[in-house]
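Rule-based calculations on the coordinates, nothing more; no lab input. What you see is a predicted model; the values in this text were computed from it and never measured. No Cβ is skipped: glycine too gets one built from the backbone with ideal geometry, and neighbour counts run over all protein chains shown.
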Amino acid sequence: MTDAALPLQPGAESAERPQTQSTLARVAQYTGLRMVALVFTVLIGVYLTILIANMGGYVDEIRVGYIRESVAIAAALDPELKDMSAEERLAHVDKLVALQEKRMGLNQPFLLRSLRFLWGAMILDLGWADNMSSDSGSRQVRNIILERLPATILLFSTSFFLSFFVNLFSALYLSRNYGSLIDRVIVALAPTSAAPSWFYGLFLILLFAALLGWFPFGGLVSAPPPDTLIGYALSVLNHMVLPVTATFVSSIFLGIYGSRTFFLIFSNEDYVDMARAKGLPDRVIERRYILRPTMPTIVTGLALQLIGLWFGSIVLETIFNWPGLGRLFYLAANIFETSVIVGSTVLYAYLLGFTVFFLDFAYALLDPRVKVGGNPGGQA
């Protein structure tokens, strides 16, 4: 009788069960500790954002000054208050200012308000904006952000996926043709990625919008918007060409150079030479022995860039007048709209935290050498 035909020993199943339970307990413990650490990190980051956005309470003093100025102007223009003496009018203004401060919570100490704001941010109760509103007229920060989110996702997801696939397949091609003319050209062009996307955006606007007139200067859609769905979509695509091109050009050469370097490093490993000696096809070697070891790095870049889609590019969206989160953040910073600034940062912090959390498990799935909750030696 062969070993394969031998029956399982009576204690084999019971020995595997404690090992499985131990693995699940270790993964559960690791997951819990990581969640606590990420929540604590997000908590600190959000509170620091609140303190910085409020300048330690100085922004609230500016808001109180705006309230007093607007109330005083309204009182001076009110014909019913003309018969009041200066003291009575001042007392009336002080009363109205006190009511406004109470309504906005500015009559409470800054420390108490910052902690209350922190709690609301952590539970995604982002509050109300004072000086901004959505196109529908809502002053809820959640609605203001959600209204701008689709435009940012549309623009930067298009740029990202275009760059990602061009980057991946071009890097694989260059790793197979190391030292060729096109490889040297890509390496020479890699430093051009040092310039940000808005830098290329300015040149594209000057050339293709101002001089040639092929594309619009900016915006999401032409005014007035087309009546048909197809016409609206074509108008949006026409407005996307220049910002997408600017984002693509600013990152593609350095991205190809970095991925090509990773592929070259792994293609010179001993196990790759062994696979070639066995006569495996080049496509199989690339997929199994070169692309797979680089997947953790590729997935990390993919995930972090996807998070960047939510926040957009402040300067690029401002240059192209693109109605996304980046331009929203710029407008909010100019008028000290703290609630919108903190709300955008909170969403970004949550997305970044969850991305880091799930990347740990993605590494374990992509690379068998990584064990979730394992000890530093890598033993289970």
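Once Rg and Dmax of the Cα atoms in Å is calculated for the structure shown, the corresponding label among (1) 25.0, 79; (2) 21.0, 64; (3) 28.8, 113 turns out to be (3).
With the highest mean first, a sort of the peptides 151-163, 182-194 on other beta-carbon atoms found within 10 angstrom per residue produces 151-163, 182-194. Quick check: the distance between the Cα centres of the range 188-243 and the range 116-178, to the nearest angstrom? Cα centroid of the range 188-243 versus Cα centroid of the range 116-178: 19 Å apart. The alpha carbon convex hull volume per residue for the range 146-366 rounds to 159 Å³. Working note: Cα atoms of the range 204-279, range along each principal axis, descending, whole Å: 64, 29, 16. Helix screen, the chain: DSSP H segments with Cα axial length of 20 Å or more and mean Kyte-Doolittle hydropathy at least 0.0 are 12-53, 58-77, 141-176, 229-267, 292-311, 338-366.
Please sort by residue number the trypsin sites (Lys or Arg not before Pro) in the range 73-166 whose DSSP state is loop and whose Cβ has at most 14 other Cβ atoms within 10 Å. Provide the component values of the computation, followed by the final result.
Numbers: sites: 82, 89, 95, 102, 103, 113, 116, 139, 142, 148; in loops: 82, 139.
Those that pass, being in a loop and sparsely packed, are 82.
Compactness of the range 15-122 is given as radius of gyration and Dmax, 25.8, 94 Å, from Cα positions. List the chymotrypsin sites (Phe, Trp or Tyr not before Pro) in the range 207-259 that DSSP assigns to loop (not H, G, I, E or B) and whose Cβ has at most 16 other Cβ atoms within 10 Å. Which are they? Sparse-neighbourhood loop chymotrypsin sites (Phe, Trp or Tyr not before Pro): 214, 217. Taking amide H atoms as placed 1.01 Å from N in the peptide plane, the amide H of residue 128 lies under 5 Å from those of 141, each 5 or more residues away in sequence or on another chain.
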